[in-house]
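Trainee: Mind looking over this structure? Questions follow.
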Amino acid sequence: MPQLPLEVFCPSWSSDGNGNSAGVVLEHERVLALSAAAAAAGVQIGMRRGGVLMLHPEARLYERSAEHEAEALHAIAMALLQYTPLVAEAEEATLLIDIGASLRLFGGIRALCRGVRANLRALGFTGALSCAPTARGAWLLARHGGGRSATMASLVRRLDRLPAGLLPPARPFAAWFDGIGCFTLGEMRRLPRPGLQRRCGAALLDMLDAAHGMTPELFDWIEAPTTFSAKLDLFDRVEHAEALLFGAHRLLLQMTGWLCARQLAVGRIRLQLEHERGRVARAPTVLEIVLAEPTWRDEHLLRLLRERLAKQVLEAPVIGLCLEAPQVQPMAPPSESLFPEPGGSEQDQLRMFELLVARLGPDNVLQAAPLADYRPELANAWVPVHQQIRAAARAAQMPPDVLSLPRPTWLLAKPIALLMRNERPFYGSPLKMASTPERIEAGWWSQSQTRDYFIAEGQDHAHYWVYRERLIRVAGVAEDAAPRWFLHALFG
Amino acid sequence: MTLHQSITAPQALHPSLWLASQLAHASTRCVDTGHPTLSSQLPGGGWPTGTLIDLMLQQSGIGELRLLRPALAAGRRRIVLLQPPHPPQALALAALGLAPSQLIWIRTSGTSGSSDALWAAEQVLRSGSCGAVLFWQNHARGETLRRLHLAAHSGETLFFMLRPLAAAQDSSPAPLRLSLRPAPGGLDIEFVKRRGPQRDTPLFLPLPLPLTPFLLQRHATLDRALFAPVTARSILSELVQ
């Protein structure tokens, strides 16, 4: 991660990172890392603060923060856990991953490198990627800008051309190496070993041997914690929920790595949007996403989050994000069938409904759950699509012979009172009754009236389901009150 | 000789060529409509899957679902009712042969309802995991229709758009457009657009209501003679207890 000191302050996806404004990181009042815009203005590594401000007065200056860098490196390591369980941190902002066992699963070395690079981009960092048969060799290549060597022979050829100053134990002796005309690692390797060990110490030789695969290497592999909770501080106040997506993606990538490392699938995630602290402190806004089907891939979660964030109205600027995975369960990889179903699997359907629910709301994506009730408006119940209904429970609520009930397709949400003309109900045209009445009683415990339903036909030959209210004879109400007619449904 | 042949029968050159007096060949799989008279009038002999089918209704509730019933009931996959004008009644649809577990009702609300509905339609069509999508939309611009048509191409979903009769005047990318009007005992179907000869007279399709006999009023009610009034002593005294 050559740009790590800078990118912990302005990630490459933020507006600062893509060259609009100059960012400069200082260590001990000297420039350590700088953005492209700053370099274009003439800022160079090693300059003092005053010089930077003279060349580029609007440059943003940051003090180097070791703890931010360590956090960032850990975040990247978590995200990379999705490729292999063997991830180790090495010196000088480098991560080592052992991909020997993952090549086939991820479709070869090129596809794997593409994936790692895409993940780094999504996390907001740029990195130099290298692959080599030995970890130290890969480390050296990465420090020199990246490169791939699949075989030991090509690695040795490449290593021999690298500058001698790349090895950390050799740096104190750089002047001496220059003096004896030893500029590359290849030349260093040809020096007599006992002399080299006496002058420069055993660490240098160990490192050279490790790079060439002559001594075994030992690493402290990073272990995934037992629970997942990741935080991200935004360095700006974000006022639009959609702008949070990049930050959320970064957290999701970390979670993906963690889930893969622990062989878990997540059933519920919680994203907290943290607002201003201090005097005008506000409780964080919590977004919860419940999944019908536990998953450990980030694409679907990202789509869900995008829809949720697009709907979310922020009441206050957001300064930080926090992602938790409160509900996890062991991962159950799908069993691939030989002949895929034409309409996609059940999981695909569930995923589609989740996406619809995320944008439209759970009350707007409904499935039918008819109730065993004789009143049509109560029998026609629809429930959110996520509710699990067993087939047996659904069948138990259905009438034994559906065809015996003349039920129209479209049930109006509220019956429409019909006009009367010539003693006939009128809806666009006079209605002619086409059936004998069907009496549907009211629920005696509720207010509704007993109704006599008729199928009526208008002059345009469309069929309507109308009812006549049966009046309850109550003292005080005129005996000859005309019956009231209502339109309740349409035959589709 | 071959040149002469190809000029006399140009429709034999390529499957996408047809004479103006013939029905076109289907380019996609077609689902039988279940109404033989209608099927014989459609290119491919049924509803084409994976394309936009425009149905223009005089009003909702004239028998549009009875028309689509055989095609919808043929598949066992889910049927999405997107933004129907009124709440659908699951029991009625069950009587039409569509099981309640197949039905998904998506409604939209608020100011963004129309764009939400279009978005949902596109998502459902692109996922291709549903058997049929019925989309009610009153106003649709040409480019949104085109977009939905393209989204439908990505799968094998049966996609009907149900729009008011006035939409027949507007252009549409749908290769099949029918307008439906109620007629005594059925529907009058007019072919606004199809890959085939122009047909001016509407096709009458009988679609009676699925009524049970006891509700059918086959005859007008007649005045019946009342029972003779019982006069005194007309009943034997033995029968009176």
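Trainee: Is there a quick way to get the dipole size of chain A? I mean about its Cα centre, with the Cβ of Lys and Arg at +1 and of Asp and Glu at -1; what is the value in debye to the nearest 20?
Mentor: 760
Trainee: By average Cβ neighbour count within 10 Å, what is the ranking of B:43-49, B:155-161, A:359-365, A:430-436 from highest down? If you can, show how the numbers build up before the last one.
Mentor: Working: B:43-49: 21.3, B:155-161: 24.0, A:359-365: 19.3, A:430-436: 16.7.
Sorting B:43-49, B:155-161, A:359-365, A:430-436 by mean packing, highest first, produces B:155-161, B:43-49, A:359-365, A:430-436.
Trainee: Only loop residues by DSSP count here, and only those with at most 14 other Cβ atoms within 10 Å; note down the GluC sites (Glu not before Pro) in segment A:253-329 that meet that.
Mentor: Filter output for segment A:253-329: A:GLU276, A:GLU315.
Trainee: Mark the label point 7 Å from the Cα of B:LEU165 along Cα→Cβ and return the residues of segment B:26-63 whose backbone N is within less than 19 Å of it.
Mentor: The answer is B:54-63.
Trainee: Count neighbours as other Cβ atoms within 10 Å of each site's Cβ, and list the GluC sites (Glu not before Pro) in segment A:68-111 that are DSSP loop with at most 15 such neighbours. Each step should come with its number before you reach the end.
Mentor: Working: sites: A:GLU69, A:GLU71, A:GLU89, A:GLU91, A:GLU92; in loops: A:GLU91, A:GLU92.
Passing both the DSSP loop test and the Cβ count: A:GLU91, A:GLU92.
Trainee: Using the Karplus equation 6.51 cos²θ - 1.76 cosθ + 1.60 (θ = phi - 60°), what ³J(HN,Hα) coupling, rounded to whole Hz, does each residue of segment A:219-228 give in order, writing x for Gly and Pro?
Mentor: Each residue's phi maps through the Karplus curve to give 9, 8, 5, 6, 9, 6, x, 6, 10, 10 Hz.
Trainee: Work out the mean other chain Cβ neighbour count within 10 Å for the residues of A:429-442 and drop it here as an integer. Intermediate values should be presented prior to the final figure.
Mentor: Working: counts 0, 0, 0, 0, 1, 5, 7, 5, 2, 3, 0, 0, 0, 0.
Taking all residues of A:429-442 together, the mean is 2.
Trainee: Is it possible to state the helix-based mean residue ellipticity at 222 nm for chain A, with each DSSP H run of 4+ residues giving -39500 (n - 2.57), the sum divided by total residues, to the nearest 500 deg cm²/dmol? What is it?
Mentor: Working: 16 runs with 153 residues, N = 492.
Helix-only estimate at 222 nm: -9000 deg cm²/dmol.
Trainee: Taking a cut-off of 41 Å, what percent of all Cα-Cα pairs in chain A are separated by more than that?
Mentor: Details: 56212 of 120786 pairs.
Considering chain A, 47 percent of its Cα-Cα pairs are separated by more than 41 Å.
Trainee: Name the trypsin sites (Lys or Arg not before Pro) in segment B:82-184 that are in a loop by DSSP and that have at most 11 other C-beta atoms within 10 Å, would you? Spell out each step's value before the answer.
Mentor: Details: sites: B:ARG107, B:ARG126, B:ARG141, B:ARG146, B:ARG147, B:ARG177; in loops: B:ARG107, B:ARG141.
Sites meeting the loop and neighbour criteria: B:ARG141.
Trainee: Another question, if that's okay. For chain A, with the dipole built from +1 on Lys and Arg beta-carbon atoms and -1 on Asp and Glu ones, taken about the Cα centre, which of A:LEU355, A:GLY107, A:THR151 lies farthest toward the positive end?
Mentor: Looking along the dipole axis, the top candidate is A:THR151.
Trainee: Something else now. Just tell me which lysines come within less than 24 Å, Cα to Cα, of A:LYS414; anything on the same chain fewer than 8 places away is out.
Mentor: Counting by Cα, and skipping residues close in sequence, A:LYS414 has these lysines nearby: A:LYS432.
Trainee: Let me ask you something else. For peptide B:71-78, what's the mean number of Cβ atoms from other chains within 10 Å of each residue's Cβ?
Mentor: The mean count of partner-chain Cβ atoms within 10 Å per residue comes to 2.
Trainee: In nm, what is the difference between 0.36 nm times the number of residues separating A:ALA101 and A:ARG198 and their Cα-Cα distance? All intermediate terms of the calculation are to be shown ahead of the outcome.
Mentor: On the way: separation 97, 0.36 × 97 = 34.92 nm, distance 3.92 nm.
Gain on stretching A:ALA101 to A:ARG198: 31.0 nm.
Trainee: Could I ask something else about it? With only Lys, Arg, Asp and Glu charged, each at its Cβ (+1 for the first two, -1 for the last two), find how big the charge dipole of segment B:87-185 is about the Cα centre; round to the nearest 20 debye.
Mentor: Taking the Cα centre of segment B:87-185 as origin, the dipole is about 160 debye.
Throughout, read-outs are computed from the coordinates displayed, never taken from laboratory work. Note that this is a predicted model, so its numbers are computed, not measured. Ideal geometry is used to build each Cβ from the backbone, glycine not excepted, and the neighbour counts take in all protein chains shown.
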